[in-house]
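Taken together, the values in this text are just the output of simple stated rules run on the coordinates, not laboratory data. This is a predicted model, so every value here is computed, not measured. Here the Cβ positions follow ideal geometry from the backbone for every residue, glycine too, while neighbour counts run over all protein chains shown.
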Amino acid sequence: MAVAEEGTEEPAVKKWRWRKSSRSWEVVVQLGSLFVVYLLINGFAFRYFQQADLSRSGRFTLDERTERFLAELDTDFDIVSAYPTGSDVSGDIRSMLDQAEKASEGRVRVEHVDPARQPDRMESLLAQWRVRLRTNSLILRHEDQTMVIADEELVYRDGAGLVKKFAGEIALVAGMIGLIEQEPKRLYFLTGYQRTEDVKPVYEEYRALGQRQNFLVQPLDLGAGTEIPEDADGLLLVSPQVDIPQDHLEQIKGYWGKRGGALFLTLDPEAPIPTLRLFLNRLGIAPRSDRVLTNVRKFGRPARISFSVPVQILGGTPISRDVEGLSMTLPGRSQSLALFPDADAVREDNIHLQPLLIADSRYWGETDYQKPEVKRDRGVDQHAPVYLGALVERGVVDDPNLRVKTQRLVVVSNPELLARPDERQKVESDFVLSSLNWLLDRPALIGIPPKEPTRYAVVMSPLQVDRLEKLATWVLPGLVGGVAFWMWRRRRA
Amino acid sequence: MMKTRRMIMNRQIETFWILFLKEVRSYFLSPFGYVIMALVMILNGVSFRFALEGVVGKVSQYSLLYQTFNSFWFWMVFFLLFPLLTMRLIAEERRSGTMETLLTAPVSIWSVVLSKYLASLAFYCVLWIPSMLNFGFFEAMAGQSASASVGAFWSTYLMLFLVGALNLALGLFASSLTSSMVIAGVIGFCLVIGHFLLGFSHQLEAGMPEELVERARYFSTFEHLKSFSQGLFDTRPLVYYLSTASLVLVFTCYHLESRRWR
């Protein structure tokens, strides 16, 4: 291309320059448009995404009951996760809350705040909502109410601080129900039938359970002429040591006979309670005058008698959804329960009776338990199945579309349930909570199991480990290195 | 007209395959590829070794697979690997003068770029097969799974593939910028590290708003690999890595195309 004198260009050069310039602009526009499309695609993917839980334990999936509860929410929640990013449960909490946001279709708004990295934001939220945190927590906000769920309610840890179970879902749902209900459910703990020093620790245990799941446990002494309050959602009668006076029992029966009456009852086989037994008999339950025990053998001969009974929670009941098949040991002394679900009186009264707890097959109900040596006597003692717990529901209707409040009762024939905090097993608390949630008609809180993280414990001999390490670090790379060397030699040749 | 178009398309595909196979041969029929493979295997082996010590005779919350691919040694392999694989792809052609021949030949830029990219991606995929063998040997000896689940195992390798797809594209782009392999390697390394650190940007400044923190996590390779190796598959990283790799390849093509205009 000839360039003419300075200041003028031939038309061909001008055309070439114009083409180059317009081409450049074309490219800029193309790249710009592509970039915009790229941003749109990623923006869309950021908001609308799918996750799949490929773990064996379903660690990242919400329980269907939780999903159902969240999908049916008709009120808004704000949830703040105050967990540091590197925390051992931050992944589980994040995944749970992401799933909760999706399942609630926007009703639940989540914010993750790392207290270490976002101290200003954390302080501003705490000041705004007037809460104080002493540990990593979830903060729930609904209308003008706030609830804090601390780490110990979300995570069960072993002695070494490792996560044993992640109970975030149940704690979250319980907290949300608690805020929705506003007025917590009230359970009245009947006093006056036990020694104060015996019953106080147990009362505190039930109260602590209530705090976890938003129900209030308050003491109630009918002996002072008090009546059962109108706001009573349930009664707790724990291991009465003396018989219930007739007038008290009439009150209890009257309360229970009303629609929605709920009663949780534990029995002490040593206590004389004929009036109470009569009440239970009418419901198809007859506590026997025996003790559930077994002979502990040593060298094939009975060495001592064991009264602590391992029991299994039976399935097929509304209580046992998340605890079915689990075992716990009931310490102290227990009596067996005779159940008559098919008795005429029971059927006529529209009573539905189911066994809840069954003793280990090695145990039997011994009537001659005072003797130093015991043995199973056919026809006299109670052989398997030996039941130590039952549930009763009266007023059930066949039509599943008809939601009717029924009268509910749970009875356990052991006085030590929750009575020994130091020895208590987690299953005990779970069983009692499931029972109370059923009694309080809170099905959303029954059956959401805590998630157990998978534990890896590999057993290999030092020789195996050594071989594997050598294979991975030297043998296989050495083979490939050998191929490289051979190839290099071949090229040189 | 249609017949001509079809003929052109077929020729382009044929040319693509020729170039692709040429690139693949350059990895597998030269010592270079095997040296890289051996290096990666050694470093992966070291990572595997340390992870094994974390699970044998101990009770751990994390699987062997998780500990292998979330350890310092693993990340060391990672950052070194992509520049090594890609630094010579275009830079060497430019240095030796064959790039001009390639650009003036009746070969589309896309064929050139895609063939080099896919060849490096194919070789990259082969590099991870020995690590699968390591886990296989472990499962045979210990009698238990190396991962949280079969899904977690494959989703981990899927994530490795996706991250590789993006980082190889970045490396290829770096290679197209210069005729010096060393400089291409350094630029590639910086791009890979820069992208990795982008995922930690929310930790650089305290008090960052939650929205920005969430967006920063969207880019975080570290978080993606962590969650995939625990068995949580998410579509977001899938879209992010594939779209970003495609965008970078487009930039590479345009950059090479621009050389034709000069």
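Would you tell me the mean number of C-beta atoms belonging to other protein chains that fall within 10 Å of each C-beta in A:115-124, as a whole number?
3
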### Query
Classify the protein assembly as shown: rounded, prolate or oblate, from the alpha-carbon gyration tensor (a ≥ b ≥ c, eigenvalue square roots; a/c under 1.5 rounded; otherwise prolate if a/b is larger than b/c)?
prolate
### Query
To the nearest 0.05, how large is the calculated FRET efficiency for A:ALA160 and A:THR85 if R₀ is 22 Å and r is the Cβ-Cβ distance?
0.50
### Message
Quick check for you: which residues of segment A:26-66 have the amide N under 15 Å from the point 7 Å beyond the Cα of B:SER246 toward its beta carbon?
### Response
A:31, A:33-46
### Query
Cα axis of helix B:129-142 to longest principal axis of chain B: angle in degrees, 0 to 90, nearest 10?
20 degrees
### Message
Per 0.36 nm of contour for each residue apart, how much would the distance between A:GLU105 and A:LYS298 grow if the chain were fully extended, relative to their Cα-Cα spacing?
### Response
63.3 nm
### Query
Once you charge only the Cβ atoms, +1 for Lys and Arg and -1 for Asp and Glu, what is the size of the charge dipole of segment B:48-154 about its Cα centre, to the nearest 20 debye?
120 debye
### Message
Helix-only mean residue ellipticity at 222 nm, the protein assembly as shown, DSSP H runs n ≥ 4 weighted -39,500 (n - 2.57), per residue, nearest 500. What is it?
### Response
-16500 deg cm²/dmol
### Task
Report, as an integer, the average count of C-beta atoms from other chains found within 10 Å of each Cβ along B:23-35.
3
### Message
Give me the three principal axis extents of segment A:281-356 from the C-alpha atoms, as integers in angstrom, largest value leading.
### Response
52, 31, 20
#### Entry: Which of B:TYR218, B:LEU121, A:THR367, positive extreme of dipole for the protein assembly as shown (C-beta unit charges)
B:LEU121
### Query
Rounded to the nearest 20 Debye, what is the dipole magnitude of the protein assembly as shown about its Cα centre when Lys and Arg each give +1 and Asp and Glu each give -1 at the C-beta?
4200 debye
### Summary
Among B:CYS253, A:ALA167, B:ALA51, the residue whose Cα sits farthest towards the positive end of the charge dipole of the protein assembly as shown (+1 at Cβ of Lys and Arg, -1 at Cβ of Asp and Glu, taken about the Cα centre) is B:CYS253
### Message
How much length would be gained if the chain were fully extended between B:THR101 and B:SER180, taking 0.36 nm per residue of separation minus their Cα-Cα distance, in nm to one decimal?
### Response
26.6 nm
## Note on the structure
So the angle from the long Cα axis of helix A:90-103 to the longest Cα principal axis of chain A, reported in degrees to the nearest 10, equals 90 degrees
#### Entry: Peptide-level mean, for A:46-58, of C-beta atoms on other protein chains within 10 Å
6
### Query
Tell me, in nm to one decimal, what length is gained between A:ALA12 and A:GLU204 on full extension, where the rule is 0.36 nm per residue of separation less the Cα-Cα distance?
59.4 nm
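Over 22 Å between Cα atoms, which of A:LYS165/B:LYS58; A:LYS426/B:LYS226; A:LYS165/A:LYS185; B:LYS116/B:LYS226 qualify?
Pairs exceeding the cut-off: A:LYS426/B:LYS226; A:LYS165/A:LYS185; B:LYS116/B:LYS226.
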### Task
Using only the Cα atoms of segment A:450-493, build the gyration tensor, take square roots of its eigenvalues as a ≥ b ≥ c, and label the shape rounded, prolate or oblate: rounded if a/c is under 1.5, else prolate if a/b is larger than b/c, else oblate.
oblate
### Summary
For chain B, longest principal axis from Cα atoms; helix B:235-261 axis from its Cα atoms; angle between them, nearest 10 degrees, is 30 degrees
### Task
Apply 1/(1 + (r/R0)^6) to the Cβ-Cβ distance of A:LEU34 and B:GLU139, taking R0 = 41 Å, and write down the FRET efficiency to the nearest 0.05.
0.40
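Counting only C-alpha contacts under 8 Å and six or more residues apart, can you give the relative contact order of chain A as a whole percent?
Value for chain A: 13 percent.
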## Note on the structure
Phi-derived 3J(HN,Hα) across segment A:358-368 with the Karplus relation (6.51, -1.76, 1.60, θ = phi - 60°), rounded Hz, x for Gly and Pro, is 10, 6, 4, 5, 6, 9, 9, x, 8, 7, 9
### Of A:LEU326, A:HIS248, A:ILE358, farthest towards positive along the dipole that unit charges on Lys, Arg, Asp, Glu beta carbons give chain A
A:LEU326
### Query
What is the distance, in nm, between label points placed 7 Å from the Cα along the Cα-to-Cβ direction at B:LYS58 and at A:SER57?
1.8 nm
### Message
Once R0 is set to 45 Å, what does the formula 1/(1 + (r/R0)^6) return for the Cβ-Cβ distance between A:THR329 and B:PHE161, expressed as a FRET efficiency to the nearest 0.05?
### Response
0.35
### Nearby lysines by direct alpha-carbon distance to A:LYS371 (threshold 28 angstrom, same-chain neighbours under 8 apart not counted)
A:LYS298
### Query
Looking at the square roots a ≥ b ≥ c of the eigenvalues of the Cα gyration tensor of segment A:28-71, which shape do they give, rounded for a/c under 1.5, prolate if a/b is larger than b/c, or oblate?
oblate
### Query
Which semi-axes, in whole Å and largest first, does the equivalent ellipsoid of segment A:136-216 have when worked out from the alpha carbon gyration tensor as the square roots of 5 times its eigenvalues?
26, 21, 8
#### Entry: Among B:101-111, B:164-174, A:86-96, the order from most to least packed when residues are scored by Cβ within 10 Å on average
B:164-174, A:86-96, B:101-111
